[in-house]
1. Which helices (runs of 4 or more DSSP H) sit wholly inside region 144-202 and have at least 3 residues that are within 20 Å of the chain's Cα centre (by Cα)?
2. Looking at (1) assigned to a loop (DSSP other than H, G, I, E, B); (2) within 16 Å of the ligand (Cβ to nearest atom); (3) at pLDDT 90 or above; (4) more than 18 Å from the chain's Cα centre (by Cα), which one does Arg240 not meet, given that it meets all the others?
3. What about Pro5, is it closer than 28 Å to Ile177 by Cβ, at pLDDT below 95 and either under 17 Å from the mean Cα position of the chain (by Cα) or not in a loop (DSSP other than H, G, I, E, B) (or both)?
4. Looking only at region 42-60, which residues are surrounded by fewer than 17 Cβ atoms within 10 Å (Cβ to Cβ) and either modelled with pLDDT under 95 or under 17 Å from the mean Cα position of the chain (by Cα) (or both)?
5. I need a count of the residues in region 244-265 that are among the hydrophobic types (A, V, I, L, M, F, W, C) and near the ligand (Cβ under 9 Å from one of its atoms).
6. Given the structure, is Ala133 surrounded by fewer than 14 Cβ atoms within 10 Å (Cβ to Cβ) and at pLDDT below 95?
Amino acid sequence: MPELPEVEVTRRGLLPFLPGRRIIKVMRSNKRLRSDASRPLLTRHLPGAVIRTIDRRAKYLLFRLDDGAILVLHLGMSGKLSLVAADTPRARHDHLCLGLDNGRELRFNDARRFGSILLWPSDQAKQLEEAFAAQLGMEPLGPDFTPASLLAASRARSLGVKALLMDSRIVAGIGNIYANEILFAAGLHPLTPVSGISRAQWARVVAAGRKILRAAIRAGGSTIADFLGASGHPGYFQLRFAVYKRQGLPCRCCGQSIVRTTVTGRATYFCPACQPSPGRPLQAKV
Ligand SMILES: [Zn+2]
């Protein structure tokens, strides 16, 4: 599943090419996605519009158009965007194709169809964007992701630290891979109850989060050239994970075997020595 770094690399890969381009044509497949703008809405607002810029919020890409409307894309589990010559044959699972005024086409391909295509018309975009933002937590690479705000968010909550990092209403955009890696780097067991985490420990989570997400974005930067090709996309960055999918292998810090368990339904990896079990662990849901 694309996580925040993949979405950010997609944004950075498209930024040199899309702003200033006019959309001249829209093709929408008739397959439903997780959430959808209707085809009439897309064909009413997109042709003729000029893409002003592309922003990212959590794992959503916001294509801001010159009339104030916003096209919102979420890549879901398997979605990818590519920019190709308009005469390139369309692929199976191409669900949205935007023909541009320079003979190229932006294509959204999503085999599993958990992605989303939304369109916020200019007269409603401001309210819709505010309502959307109100449902999302802190941006882990933004200024609000601080030890103080994590301490405040964890007060009166009884959940483990991994569940908190993955709750998009609290922290937006950290998925399973990076939650595992961040907690290893911060030396916190995934089930550590958030109510007992000190400010100094949250400071380690913030520092680890920024460092790991930025490293992943940097690693992805080298794949941008592929992504712009006919079939390529950023895919997964070949990061050297510390714990993710390394069960049974020696910890890169201490040599002890990495353990795999399940927390809130998701595969969870940790080093039992570097991330000691909290005094009163929450129950892992297996
Ligand atoms: Zn270790």
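1. Correct list: 161-165, 176-186.
2. If we test Arg240 against (1) assigned to a loop (DSSP other than H, G, I, E, B); (2) within 16 Å of the ligand (Cβ to nearest atom); (3) at pLDDT 90 or above; (4) more than 18 Å from the chain's Cα centre (by Cα), just (3) comes out false.
3. Details: closer than 28 Å to Ile177 by Cβ: yes; at pLDDT below 95: yes; either under 17 Å from the mean Cα position of the chain (by Cα) or not in a loop (DSSP other than H, G, I, E, B) (or both): yes.
So Pro5 fits the description; yes.
4. Scanning region 42-60 gives Thr43, Arg44, Asp55.
5. Taking region 244-265 as the starting set, the residues that turn out to be among the hydrophobic types (A, V, I, L, M, F, W, C) are 249, 251, 253-254, 258-259, 263.
Pick out the ones that are also near the ligand (Cβ under 9 Å from one of its atoms) and you get 251, 253-254, 258.
Final tally of qualifying residues: 4.
6. For Ala133, the condition - surrounded by fewer than 14 Cβ atoms within 10 Å (Cβ to Cβ) and at pLDDT below 95 - is met.
The values are calculated or read from the model by the stated rules, or taken from the named source; none is laboratory data. A quick note: this is a predicted structure, and the numbers were derived from the prediction, not measured. Positions of Cβ are backbone-derived with ideal geometry, glycine not excepted, and every protein chain shown enters the neighbour counts.
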